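S.K.: First the structure, which I've put down as C-alpha cells, then a few questions once you've had a look.
The values are calculated or read from the model by the stated rules, or taken from the named source; none is laboratory data. This one's a predicted model, so the numbers in the text were calculated from it and none came from an experiment. So basically every Cβ, Gly included, is an ideal-geometry build from the backbone, and we count neighbours across all protein chains shown. Keep in mind that these areas ignore ligands, DNA and RNA; they rest on the heavy atoms of the full protein, side chains included. Shrake-Rupley method; radii C 1.70, N 1.55, O 1.52, S 1.80 Å.
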Amino acid sequence: MYKVVIGLETHCELKTSTKCFCACKNQFGGEPNTQCCPVCVGMPGALPILNKTAVEYAIKAGLAVGCKINEYSVFERKNYFYPDLAKAYQISQLEYPLCVGGGVEIEVDGTKKFIRLDRIHLEEDAAKLVHSKTGPKVDYNRGGVPLIEIVSMPDLSSAEEAVAYLKKLRSTLLYLGVSDCKMQEGSLKCDVNVSVHKEGEPFGTRTEMKNLNSFSAIFRAIKSEAKRQQEELEKGNKIVQETRRWDDVLGKSFSMRTKEDAQDYRYFPDPDIIPIHVRPNYVESISKQLPKMAQERAQIYVNDFGLTEKDAVLLTDDKYISDYFEAILQDFNEPKFVCNWMLGEVFKKLNALEQEDTEILISPQNMAKLLKLYKSETIGQSVARKLLDELWGTDKNPEEVVKEQGLTQMSDTNQLEGIIKAIMDENPKAVQELKSGNNKTMAFFVGQAMKKTAGKANPKLVNEIVQKLIK
Ligand SMILES: [Zn+2]
C-alpha cells in the first residue's frame, strides 16, 4: 500500500493599486505593455522602491493563518533567464521571509486535519508570454505585480485534501480582501509537489507540476501523478526529481526538465532594497484591522438569524456568497427563507454552471424582489425557479417580468376548481386511486394542474380543492 505525500506552493497576486517595486498600475486586462516603466522592465539605472501596502497585505495573510511575522526580512535576487523576466532575476525572499509557521485546518469527509505552513514570502510576478502565430510575445504588464507564495509542509495526503486546503486558503484570502483570487485570470495558482512511498519507508523522490490554476486540474494532476509514480515503482523503475507539465486536456503530465534546487538560482540579497524591519506595534495595528472571517460570520448567522450551523457554514464558506446573502437581507430581512433559496436554487444553478470563480448574475436587489414575490405567494415555486433562469445575466425587474408575462400565481378558487374537475373527468382511474386512500396520486393532480396553468396554479389550493372534490 502506497502513501501519497503532497506539498503545495500557492502563488497569490496581491490586489494593491500599484506594483511591488514601482508606481505602475496593477490591473488585469490592460493593453499589452501599457502598464510598465523602466523599473519593472529592468532598464539600467532604474531603482526599485518597495510598496508598503504589499508588505501590509502579506502580513495580513500571515496573521490570518497564524504565522509568526519576522521582525527582520530580506529581499533576494533569484537569478535565471527566461523572456518573461526582463532583469534576468526575480526579486523574491529565501533566507529571511516575511512570515513563517502557521497552518490551516481542513475537513475532508468529516475528518479534521491541520496542515502546517512552512512560510509565506513576498515576491514579484513575472511577465506573461503570449504565443501568437508570428512567435512568442511578451506582455510586461504583469511583471512586477506583488505576490505572496504560501508554502505548505508536506502534510497533505490526497487530492481531496489538497483541494480542501486550497479552498480554505482561497476563502481566507478573499475574506481578508488582499487578493481577488481569480483562478481563471491567474491571480491564484499552485505548484504541486507529489511523492509516494510504502508505509513505514522514508519519503520518496518528489516531482513538481507548476502553474495549475483550477481546482479540478489540481485534483486530476495529483491523482494522475501519484498513480504514475506507483506504476513506475512497481515496474522497478526509479522516480526522477523533475518538473513536469500537466496537460489538463489530455489528462496527462509530461517530463519538462530535471528539477532545480535553490542553490542553482544563486540567490543573493538585493543590494538595491534595504532589509525590512517590521516593528511589533505595526503588526499589532494590522492585527486589529483584520476583518470578520468565515467562522465569526457563521456564528452570527447561527446566533442572530437562527440558521443551523451547517447552513451557516455553507453560506459563509465563500465571502462572495456571504456578502450576497447579507445584501439580500438589506432589502428582504427573512434570513431563513433567503438561506433556503440560496442553498437550494442558487447553489444548484451555480453548480450547473461549473465556474471556478463564483458569480451570481442577478443583483441582490432584484433577487430580493423575486423572493418577496415568492414569499407572498404572488408567484409559485416553479415560476420562481423559471424567473431565476430568466433574470440571470440581465438587470430585468422581476416585478415587471411577472406583470408582463402574467405569471402571477392562480389563487382563484372557482377558476382552479373548473380546471381540476376537467382533469378528474379525464382521469377516472386516478380519482378512484385517490378515493381508495392512495395519497401519492395527489402529486399527479398537482402536476397536471401545474401543466394546465403553465406552473401558475397555487399548489396548496389545488390540494385543498382536490380533497374537497373527492369527498
Ligand atoms: Zn513599473
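S.K.: With labels modelled as points extended 7 Å from the Cα through the Cβ direction, what inter-label distance (nm, one decimal) is found for Q467 paired with E417?
M.R.: About 1.7 nm, to one decimal.
S.K.: If I model a spin label as a point 7 Å beyond the Cα along the Cα-Cβ vector, how far apart are those points for E160 and F444 in nm?
M.R.: Roughly 4.2 nm, to one decimal.
S.K.: Right, something else. What order do you get for 247-253, 122-128 when each peptide is scored by the mean count of other beta carbon atoms within 10 Å, highest first?
M.R.: Packing order, densest peptide first, comes out as 122-128, 247-253.
S.K.: Over the chain, calculate the relative contact order: mean separation of alpha carbon pairs under 8 Å at least 6 apart, over the residue count, as a percent.
M.R.: With pairs under 8 Å counted, the relative contact order is 14 percent.
S.K.: With a sphere of radius 14 Å drawn around the Cβ of G251, what net charge do the other residues whose Cβ falls strictly inside it have (Lys, Arg +1; Asp, Glu -1)?
M.R.: +4
S.K.: Contact order normalised by length for segment 1-99, with contacts defined as Cα pairs under 8 Å and 6 or more residues apart; what percent is it?
M.R.: 21
S.K.: Please report the orientation-averaged projected area of segment 324-445, defined via the convex hull of its C-alpha atoms, in nm².
M.R.: 9.8
S.K.: In addition: Give the angle, between 0 and 90 degrees and rounded to the nearest 10, that separates the Cα long axis of helix 441-452 from the longest principal axis of the Cα atoms of the chain.
M.R.: Around 80 degrees separate the two axes.
S.K.: Once amide H atoms are placed 1.01 Å from N in the peptide plane, what residues at a sequence separation of 5 or more from E105, or on another chain, have their amide H within under 5 Å of its amide H?
M.R.: The list, which skips near neighbours in sequence, is I115.
S.K.: Pulled fully out, how much extra length does the chain show between T308 and K288, if you take 0.36 nm times their separation in residues and subtract their Cα-Cα distance?
M.R.: Full extension from T308 to K288 adds 4.3 nm.
S.K.: Something else about it: Of all accessible surface on segment 292-404 at a 1.4 Å probe, what whole percent is carbon and sulfur?
M.R.: So the carbon and sulfur contribution to the accessible surface is 45 percent.
S.K.: For the residue pair Q295 and K238, what label-to-label distance in nm results when each label sits 7 Å from Cα along the Cα-to-beta-carbon direction?
M.R.: According to this spin-label approximation, the distance is 4.5 nm.
S.K.: Something else now. I'd like the carbon and sulfur percentage of the solvent accessible area for segment 47-184, probe radius 1.4 Å, heavy atoms only, ligands and nucleic acids excluded.
M.R.: 52
S.K.: Here's a follow-up. How much mean residue ellipticity at 222 nm does the chain get from its helices, if each DSSP H run of length 4 or more adds -39500 (n - 2.57) and you divide by all residues, to the nearest 500 deg cm²/dmol?
M.R.: -12000 deg cm²/dmol
S.K.: For a protection proxy built on the mean count of beta-carbon atoms within 10 angstrom, sort 2-13, 26-37 highest first, please.
M.R.: 2-13, 26-37
S.K.: Of K227/K349; K68/K189; K252/K310; K128/K349, which sit over 28 Å apart, Cα to Cα?
M.R.: The answer is K227/K349; K252/K310; K128/K349.
S.K.: Separate question: Rounded to the nearest 0.05, what FRET efficiency do L129 and T34 give with R0 = 30 Å and r taken as the Cβ-Cβ distance? Could you check?
M.R.: 0.95
S.K.: Can I ask one more? Have a look at Y267, F444, T408 and report the one farthest towards the positive end of the charge dipole of the chain, computed about the Cα centre with Cβ charges (Lys/Arg +1, Asp/Glu -1).
M.R.: So the residue we want is F444.
S.K.: Going by Cα centres, segment 261-322 and segment 42-71 are how many Å apart?
M.R.: Taking the Cα centre of segment 42-71 as reference, the centre of segment 261-322 is 15 Å away.
S.K.: Which cysteines does the chain leave without a neighbouring Cys Cβ under 4.7 Å?
M.R.: C12, C20, C22, C24, C36, C37, C40, C181, C190, C339
S.K.: Hey, another quick one. Could you tell me the relative contact order of segment 230-358? Use alpha-carbon pairs under 8 Å, at least six residues apart, and round to a whole percent.
M.R.: This gives 12 percent for segment 230-358.
S.K.: Which three lengths, in whole Å and largest first, does segment 1-91 cover when its Cα atoms are put on their principal axes?
M.R.: That gives 53, 32, 29 Å along the principal axes, largest extent first.
S.K.: Angle, helix 52-64 long axis vs. longest principal axis of the chain, Cα atoms, 0 to 90°, nearest 10?
M.R.: It works out to around 60 degrees.
S.K.: Let me ask something additional. What FRET efficiency would be calculated for the residue pair A262, N351, taking the C-beta separation as r and a Förster radius of 30 Å, to the nearest 0.05?
M.R.: After rounding, the FRET efficiency stands at 0.10.
S.K.: Could you please state how large a percent of the accessible area of segment 413-470 is carbon and sulfur, counting protein chains only and using a 1.4 Å probe?
M.R.: 51
S.K.: Once R0 is set to 45 Å, what does the formula 1/(1 + (r/R0)^6) return for the Cβ-Cβ distance between Q432 and E377, expressed as a FRET efficiency to the nearest 0.05?
M.R.: Efficiency, from the Cβ-Cβ distance: 0.90.
S.K.: Let me ask something additional. Computed on alpha carbon atoms, what radius of gyration and Dmax characterise segment 2-284, expressed in Å?
M.R.: Radius of gyration, then largest Cα-Cα span, for segment 2-284: 19.1, 58 Å.
S.K.: Skipping prolines and chain starts, which residues have an amide H placed within reach, meaning under 5 Å, of the one on V138, given they are 5 or more residues away or on another chain?
M.R.: Amide H to amide H, under 5 Å and 5 or more residues apart or across chains, V138 pairs with V130.
S.K.: Something else: Heavy atoms only, probe 1.4 angstrom, no DNA, RNA or ligands counted: give me S171, S363 ranked by accessible area, highest first.
M.R.: Result, largest first: S363, S171.
S.K.: Roll a 1.4 Å probe over the protein chains and send me the accessible area per residue for the chain in Å².
M.R.: Result: 52 Å² of accessible area for each residue.
S.K.: Another question about this same structure. Hey, what angle do you get for helix 215-234 against the long axis of the chain, alpha-carbon based, 0 to 90 degrees rounded to 10?
M.R.: On a 0 to 90 degree scale, this one is about 60.
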